[in-house]
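The block underneath contains the structure these notes are about, expressed in structure tokens.
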Amino acid sequence: MTDGRDQDGRQAGSESGLTVLLALAANLGIAIAKIVAAVLTGSASMAAEAAHSIADTFNEVLLMVGLRRSGRPADRRHPLGYGKERYIWTLLVAVAIFGMGALFAFYQGIQTLTGHRGGEADPLVGYCVLAVSFVLEAISWRQALWQVTAAARDEALPLTTYIRRTDEPTAISVLLEDSAALIGLLLAFAGLGLHQLTGVAAWDGVGSVLIGALLTAVALLLGRINLNLLIGNQADPRIVADVRARLGAAPEIDWVVDIVTMTVGADRVLVCARLDFRDSLTAGDVEHACVRMARELRTAHEEIDEVFLEPVPRDDPELRERVIARYGRTLRPPKPESG
């Protein structure tokens, strides 16, 4: 099963790498075109979109670094591997979206609204760049959406639920970035068009401010997803429930005292369980039971990477107090004694 998990991990990493590379190529070309258009038109919305694309290009580089570094194998200093490093780099993406994109968009918008920017030149170049950018962003967005929806379908989860629960934020980051880019292009087009139609530069400034607000919302959402993963998310509740049921059904177990699960990387879960074994078992019986149950859990769920099972007495007051403090209750009532 280890080979299967490694193969699945490599396949997911390959798909994420393709998604990021496609987004990188699209954003780099779009950023250059938008910079030229912003200089030629003097549009605040176009300048905000140029900053947005520069930030996105930089972000794809960060995501590629995260994919590469998080794929390193476990070693003595990092016995659970480097999977969580991916979340650090994706968190930096959220910071970059806000710092490089949103703040600059707010600045450009406020400058225009307060009359500190010059008049807008012929916006035809801006319209052309926005149209081409929309097509390129849509291609990248389609790839990211395909990967995310396929993953959600494999997990049998609605898309929004999958985004909240996922331990693979790379494709989510690209999807959110590209979604924000498409909406931002529409806002820039509206700001540019309303400025041309009315002659009021404030519309262009409003478009820039709205782009800043959009990027801020995306940055906060990405930051929250990755912050939870860095802190240590519980595994998928369905996995936790199945682990509890399998351990509780084992003939050697009287009581499942405590279960702790944690996501330690993309498709990698750590399981720790405290179990009250039947008193009639010998030490050898307990050892063999632990090995068998760990193997069964890893076979049932490819995401489970490490399993630690600890024999404990269920009537220990300190342990019981710790479990109740964490969950507000014990996890499972005692099994009825077999007759």
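The values are calculated or read from the model by the stated rules, or taken from the named source; none is laboratory data. If you're wondering where the values come from, they're calculated on a predicted model, not measured in any experiment. Every residue, glycine as well, gets a Cβ built from its backbone with ideal geometry; the counts of neighbours run over all protein chains shown.
Do we have Leu309 as assigned by TED's automatic domain parsing to the domain that holds Ala245, part of a helix (DSSP H, G or I), touching a strand residue (DSSP E or B) at 6+ places or on another chain (Cβ under 8 Å) and at pLDDT 80 or above here? It is false that Leu309 is assigned by TED's automatic domain parsing to the domain that holds Ala245, part of a helix (DSSP H, G or I), touching a strand residue (DSSP E or B) at 6+ places or on another chain (Cβ under 8 Å) and at pLDDT 80 or above.
Within segment 77-118, the set of residues being closer than 23 Å to Leu221 by Cβ, touching a residue at least 60 places away in the same chain (Cβ under 8 Å) and among the charged types (D, E, K, R) comprises Lys84, Arg86.
Looking only at segment 156-181, filter to residues that are of a type in the set (A, V, I, L, M) and not in a helix (DSSP H, G or I); which one of those is farthest from the chain's Cα centre (by Cα)?
Across segment 156-181, the extreme among qualifying residues is Ala156.
For the residues Gly193, Gly184, the requirement of being surrounded by 23 or more Cβ atoms within 10 Å (Cβ to Cβ) and over 10 Å from the mean Cα position of the chain (by Cα) singles out Gly184. Among the residues of segment 117-130, not a single one is outside any helix (DSSP H, G or I) and either closer than 22 Å to Thr90 by Cβ or of a type in the set (S, T, N, Q) (or both). Just so you know, in segment 242-257 the residues that are without any contact (Cβ under 8 Å) to a residue 60 or more places away in the chain and more than 19 Å from Glu306 (Cβ to Cβ) include one that is surrounded by the most Cβ atoms within 10 Å (Cβ to Cβ), and it is Glu252. Has segment 98-117 got at least one residue that is modelled with pLDDT under 85, surrounded by 15 or more Cβ atoms within 10 Å (Cβ to Cβ) and hydroxyl-bearing (Ser, Thr, Tyr)? Yes, because at least one residue in segment 98-117 is modelled with pLDDT under 85, surrounded by 15 or more Cβ atoms within 10 Å (Cβ to Cβ) and hydroxyl-bearing (Ser, Thr, Tyr).
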